[in-house]
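Worksheet: one structure, shown below.
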């Protein structure tokens, strides 16, 4: 018996020691501020000095994109908006042309629920200012006017790089899309720098490539109503995880909550969704889809996701019910003690 | 297989889940606070003793409190005070940031559960 107990003691000691002696984390982390948020770059297995250098290049890329794509500060996009408001044909700068084309394509796929040309409406709500409104709402007549003017991407034609419009109310605001597009460019930059395992995370929206050594990357999904973790997923290969929520940018008037995701059909913040999480290969599509599905709400998210080619969705409605498709359900792990109804949809094809 | 061998195997099987959970899965409290300010190198702070930290940013000084293993923004020279309203952070991966003042703080542990947080 003593011999057996000795064996047991050795075994437990080996287990404990193996638990304590984990290797040093081989992930390089860097953070910087861009697009009005905190961007984090995590690179696995890259020598620190080289990783630092690559991260600085990505930071500069983000700064340049932010300056060029800003909807209301002087830059290429705001200059374009001035021409469109005056119905003047103009040539789109090559640095923003692919972004404009892709935004138009995704808007059409979403049936206009992701609408990148409602910049005037977003500005009216005060979301073009760093300091959000305090105690006041936009004039309801003006909201109705802007909705009736119906700015949509089909009002715009692009021939080569020449852009024209027949509707002076179109104004680009790429807030629901530019961050994802920028993350895709950062991943391109990493790949050309021969980095195969990385995460680029901009304010909680992220794209993952490769994996963390011999295991997948582990991503926690934060609960939309507190600081806790709602669920987690394991990701490897190439995937983007994007969430749009009513808690990101908002203000309150008379106890009512007004957030930044405007329903282009009503002119008011979309009212039936708390958050939408989308998993998709490229970040730009995931970003636009998260916005579109948020606007679509619990009644329309499935058909909108189908049209946009999205295969993994989790939507939390205002009552706290979690709507998701079976493919998403199969890969997400909820935290223990989850107290919410889960509504499983038909499969997305 | 003797009776002692069976007892040994049973003990190991019963012990394994506890050891695994304790060493690898536990949602343990955070061990450190990492503060970033602008493009400066991140600064790591221990979570004891209790104290106030004064951090300079482009808008002015933000004050961070460490108390009983938790942390929060006490004040910051920003308009919306989102960072202050975020309240106390106590668990690993807790993040609060004052974007206008370009200051962020993240609670980290020696064994983080996640590589990134989506929100």
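The values are calculated or read from the model by the stated rules, or taken from the named source; none is laboratory data. On a predicted model such as this, the values are computed, not experimentally measured, just so you know. Cβ coordinates were reconstructed from backbone atoms using ideal geometry, including for glycine residues, and neighbour counts include every protein chain displayed.
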Check your understanding: Among the listed residues A:159, A:188, A:139, which satisfies the condition of being free of Cβ contacts under 8 Å to residues at least 40 places away in the same chain, within 30 Å of residue A:46 (Cβ to Cβ) and surrounded by fewer than 24 Cβ atoms within 10 Å (Cβ to Cβ)?
Key -> A:188
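Residue check: is residue A:335 surrounded by fewer than 16 Cβ atoms within 10 Å (Cβ to Cβ) and in contact (Cβ under 8 Å) with a residue 24 or more places away in the chain? Before the answer, list the steps.
Values: surrounded by fewer than 16 Cβ atoms within 10 Å (Cβ to Cβ): yes; in contact (Cβ under 8 Å) with a residue 24 or more places away in the chain: yes.
So residue A:335 fits the description; yes.
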Review point. Out of all the residues in the range A:61-77, which are in a helix (DSSP H, G or I) and away from chain B (no Cβ under 14 Å)?
Key: A:61, A:64, A:65, A:67, A:68, A:69, A:76, A:77
Point to revise | Residues within the range A:279-330 that are on the phi > 0 side of the Ramachandran plot and either assigned to a helix (DSSP H, G or I) or in contact with a strand residue (DSSP E or B) (Cβ under 6 Å, 6 or more places away or on another chain) (or both), tallied | key: 1
Exercise for review: Inspect all residues belonging to the range A:220-235 and state whether any of them is over 16 Å from the mean Cα position of the chain (by Cα), closer than 25 Å to residue A:59 by Cβ and within 10 Å of chain B (Cβ to nearest Cβ).
Suggested key: yes
Review point. Does residue A:209 satisfy the criteria of being within 14 Å of chain B (Cβ to nearest Cβ), in a strand (DSSP E or B) and surrounded by fewer than 22 Cβ atoms within 10 Å (Cβ to Cβ)?
Key: yes
Practice item. Could you tell me which numbered condition residue A:241 fails, if it satisfies all but one of (1) farther than 17 Å from residue A:291 by Cβ; (2) at the interface with chain B (Cβ under 10 Å from one of its Cβ atoms)? Key: (1)
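Table: residues versus (1) modelled with pLDDT of 90 or more; (2) more than 11 Å from chain B (Cβ to nearest Cβ).
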| position | (1), (2) |
| --- | --- |
| A:27 | yes, no |
| A:35 | no, no |
| A:44 | yes, no |
| A:47 | yes, yes |
| A:59 | yes, no |
Practice item. Please verify whether the range A:93-105 includes one or more residues that are over 22 Å from the mean Cα position of the chain (by Cα), surrounded by 16 or more Cβ atoms within 10 Å (Cβ to Cβ), under 30 Å from residue A:216 (Cβ atoms) and at pLDDT 95 or above. Key: no
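Restricting attention to the range B:101-113, report how many residues are in a loop (DSSP other than H, G, I, E, B) and crowded, with 22+ Cβ neighbours inside 10 Å.
Result for the range B:101-113: 1.
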Check your understanding: What number of residues in the range A:247-273 are away from every other protein chain (no Cβ under 12 Å) and either assigned to a loop (DSSP other than H, G, I, E, B) or modelled with pLDDT of 95 or more (or both)?
Key -> 16
Point to revise | Candidate set from the range B:66-95 (those that are assigned to a strand (DSSP E or B), facing chain A (nearest Cβ under 9 Å) and touching a strand residue (DSSP E or B) at 6+ places or on another chain (Cβ under 6 Å)); member that is surrounded by the most Cβ atoms within 10 Å (Cβ to Cβ) | key: B:89
Check your understanding: Among the residues of the range B:32-43, is there at least one that is modelled with pLDDT under 90, over 15 Å from residue B:99 (Cα atoms) and not in a strand (DSSP E or B)?
Key -> yes
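Just the residues that are part of a strand (DSSP E or B) and either within 14 Å of the chain's Cα centre (by Cα) or at pLDDT below 90 (or both), please, taken from the range A:236-246. Even if it seems obvious, please write down each step before you answer.
Filtering the range A:236-246 down to residues part of a strand (DSSP E or B) leaves A:237-245.
Within the range A:236-246, A:239, A:240, A:241, A:242, A:243, A:244, A:245 meet the criteria.
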Practice item. Kindly check whether there is at least one residue in the range B:13-27 that is within 12 Å of chain A (Cβ to nearest Cβ), assigned to a loop (DSSP other than H, G, I, E, B), modelled with pLDDT of 75 or more and within 28 Å of residue A:39 (Cβ to Cβ). Key: no
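Is there a residue being away from every other protein chain (no Cβ under 12 Å) and closer than 26 Å to residue B:118 by Cα anywhere in the range B:46-53?
yes
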**Study point:** Flag if residue A:264 is touching a residue at least 24 places away in the same chain (Cβ under 8 Å), touching a strand residue (DSSP E or B) at 6+ places or on another chain (Cβ under 7 Å) and surrounded by fewer than 20 Cβ atoms within 10 Å (Cβ to Cβ)
**Key:** no
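In a loop (DSSP other than H, G, I, E, B) and more than 21 Å from residue A:204 (Cβ to Cβ): is that true of residue A:348 in this structure?
yes
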Revision key, fill the gap. Condition set more than 7 Å from every other protein chain (Cβ to nearest Cβ) and farther than 20 Å from residue B:41 by Cβ, scope the range B:96-111, selection modelled with the highest pLDDT: answer is B:109
Exercise for review: Those residues that are part of a strand (DSSP E or B) and surrounded by fewer than 15 Cβ atoms within 10 Å (Cβ to Cβ), I need them from the range B:46-62; list them, please.
Suggested key: B:46, B:51, B:52, B:54, B:56, B:60, B:61
Study note, to complete from the structure: Note on the range A:309-332: residues touching a helix residue (DSSP H, G or I) at 6+ places or on another chain (Cβ under 8 Å) and surrounded by 22 or more Cβ atoms within 10 Å (Cβ to Cβ) are A:310, A:312, A:313, A:314, A:315, A:323, A:325
